[in-house]
Amino acid sequence: MGIIRLVGVMLAVAGGVVLWTGLNARESLTERASQAFTGKYTENTTMHLAGGGAALAGGLLLVLFGGSRKRR
């Protein structure tokens, strides 16, 4: 396994943890109250969801396509 794919695995795991944190945070009492009054999630929860999803997708792309060319 190349270094690029290893970085991809680490990024995907970190992204999954941040995404899971965001998914759990949106079920909290303060988040529900904020959504009831404003109609949207707080900035912190939104950043966890967007950042975790982006990191997870980027990590998976690195694992699948990173370092696939062989050098001669």
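Of note:
- Distance between the 7 Å Cα→Cβ label points at A54 and V13: 2.3 nm.
- Report summary: the helix-based calculation at 222 nm, which adds -39500 (n - 2.57) for every DSSP H run with n ≥ 4 and divides by the residues of the chain, gives -26500 deg cm²/dmol.
- Taking Cα atoms only, the orientation of helix 43-65 departs from the longest principal axis of the chain by about 20 degrees.
Read the figures in this text as sums done on the coordinates, not as results from a lab. These numbers were taken from a predicted model, which means no experiment stands behind them. When we count neighbours, we look across all protein chains shown, and the Cβ atoms used for this are built from the backbone with ideal geometry, even at glycine.
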